[in-house]
Amino acid sequence: MINVTKPYQPNKQKFLSLINRVYEKGTWTNNGPLVQELEKRLASFLGVENIVLVSSGTMALQFGYKALELTGEVITTPFSFVATRNSLLWEGLTPKFADIDRETYNISPKAIEQVITEKTSAIMPVHVFGNPCEMDEISALAQKWGLKVIYDAAHAFGVKYDGKSVLTYGDVSILSFHATKLFHTLEGGAVITCDAVLAEKVRSLRNFGLAAKQRVIGINGKMNEIEAAVGLCILDDIEVIHAERQEIFNLYARGLKDYVFFQNWNPSATRNYSYAPILLSSEELLVKIIDDLKAEGVSPRRYFFPNLDEGTGLSPSNQSMAAEDVSKRILCLPIYPGLEVSRVKKIN
Ligand SMILES: *Cc1c(COP(=O)(O)O)cnc(C)c1O
């Protein structure tokens, strides 16, 4: 069975030699040398000032909310992974959904402004499938209404906007390093911010708040040395990973261009080929294509479906028309290094 993605395996020799280092030193967690090395290397590879590695992308979001001291309502997109919404609910914050743009699949700045209330403390847009949001408009809104901005950049590893890392926008951005993501550490994530004081706060929060000069209630959200070792190995291969994904993506783009719609990519941004979403003309056609592909041993995913404003007991929003429509017709095709080109041609 070909799945929509497959975790990238670190080079075994290299991984075992790092594990030997862990045995020799005897440090397995608590901000060990490999975690520190990975933070340095990622900061330089991504072009960011402060990056704090944590135990998951979900924890990274929750640390972001805590560090920014968010309260009340946070405006986000209904077209994302459940962690976007659930992380807010776990922190006692209320998600308010603003509709997306039909072409970029990202939250629409116009829709954001419509749901701002006196309880709103922040905007949490998602760079959906790695495609940067309309960040200039979002910054302007945040300024106008005095709101914080935290980007869920779980899909946007390595993406540049106007020549700069997309992670340098907003007050905070987060990455997920789950095994299914483009770059991974098995489980893991990161908080990225240009504000060094905020970064220190997250460093304290991830370790129970022990080092806090501010009185913060921390929790356990640390990355361990084994996870960091996986990340260090995979970071060495990142150019190859990118090239292989690009080749697969381009095969889909060429083969399917007359039959399906593709995401409208931000013209000022680079691509990371983290996903291969196609939009079909109807949900019926989508269901038929899934059946046909399953018969061929290929398992695409309906991603993201259903909308996040459904099924939580939150008041359903009848304003997320575009998100509802897109979520019913979108399909993510298999894309990962090692997927054979002949199989990609067959999927076409
Ligand atoms: C994967 C993902 C997350 C959560 O990351 P975990 O590391 O799995 O906790 C959050 N938001 C989005 C958009 C994601 O795709």
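The values are calculated or read from the model by the stated rules, or taken from the named source; none is laboratory data. Owing to the predicted nature of the structure, the values given are computational and were not obtained by experimental measurement. When we count neighbours, we look across all protein chains shown, and the Cβ atoms used for this are built from the backbone with ideal geometry, even at glycine. Please note that ligands, DNA and RNA were not included when accessible areas were found on the heavy atoms of the full protein model with its side chains. Shrake-Rupley method; radii C 1.70, N 1.55, O 1.52, S 1.80 Å.
The single condition among (1) under 19 Å from residue 175 (Cβ atoms); (2) open to solvent by 10 Å² or more (accessible area, probe 1.4 Å); (3) among the hydroxyl-bearing types (Ser, Thr, Tyr) that residue 94 does not satisfy is (1).
In summary, residue 339 fulfils each of the numbered conditions (1) open to solvent by 80 Å² or more (accessible area, probe 1.4 Å); (2) modelled with pLDDT under 90; (3) of a type outside the set (Val, Ile, Thr) with the single exception of condition (1). Taking the criterion of being in contact with a strand residue (DSSP E or B) (Cβ under 8 Å, 6 or more places away or on another chain) and free of Cβ contacts under 8 Å to residues at least 24 places away in the same chain, would at least one residue in the range 280-294 satisfy it? So far as the range 280-294 goes, no, none of its residues is in contact with a strand residue (DSSP E or B) (Cβ under 8 Å, 6 or more places away or on another chain) and free of Cβ contacts under 8 Å to residues at least 24 places away in the same chain. Cβ-Cβ contacts under 9 Å between residues 6 or more apart (or on different chains), taken from a first residue in the range 6-25 that is among the β-branched types (Val, Ile, Thr) to a second residue that is open to solvent by 100 Å² or more (accessible area, probe 1.4 Å) and modelled with pLDDT of 95 or more, are listed as 22/28.
The single condition among (1) within 23 Å of the chain's Cα centre (by Cα); (2) basic (Lys, Arg); (3) away from the ligand (no atom under 16 Å from the Cβ) that residue 181 does not meet is (3). The condition of being part of a helix (DSSP H, G or I), in contact (Cβ under 8 Å) with a residue 12 or more places away in the chain, under 22 Å from residue 242 (Cβ atoms) and in contact with a strand residue (DSSP E or B) (Cβ under 8 Å, 6 or more places away or on another chain) holds for residue 129. Tell me, yes or no, whether the range 189-200 has at least one residue that is open to solvent by 10 Å² or more (accessible area, probe 1.4 Å) and either under 18 Å from the mean Cα position of the chain (by Cα) or of a type in the set (Ser, Thr, Tyr) (or both). Within the range 189-200, none of the residues are open to solvent by 10 Å² or more (accessible area, probe 1.4 Å) and either under 18 Å from the mean Cα position of the chain (by Cα) or of a type in the set (Ser, Thr, Tyr) (or both). Kindly check whether there is at least one residue in the range 196-205 that is in a loop (DSSP other than H, G, I, E, B) and within 16 Å of the ligand (Cβ to nearest atom). No: zero hits.
Only a single criterion out of (1) within 20 Å of the chain's Cα centre (by Cα); (2) away from the ligand (no atom under 16 Å from the Cβ); (3) crowded, with 19+ Cβ neighbours inside 10 Å is not satisfied by residue 10, namely (1).
Inside the range 209-311, counting only helices (runs of 4 or more DSSP H) that do not spill past its ends, which hold 1 or more residues that are among the aromatic types (Phe, Trp, Tyr)? Hits in the range 209-311: 238-256.
When the range 44-57 is filtered for residues that are small (Gly, Ala, Ser) and assigned to a strand (DSSP E or B), nothing remains. Scanning the range 152-169 for residues that are touching a residue at least 40 places away in the same chain (Cβ under 8 Å) and more than 10 Å from the chain's Cα centre (by Cα) turns up 158, 159, 160, 161, 162, 164, 165, 166, 167, 168.
Restricting attention to the range 58-85, the residues that are open to solvent by 10 Å² or more (accessible area, probe 1.4 Å), within 9 Å of the ligand (Cβ to nearest atom), closer than 26 Å to residue 141 by Cβ and assigned to a helix (DSSP H, G or I) add up to 3.
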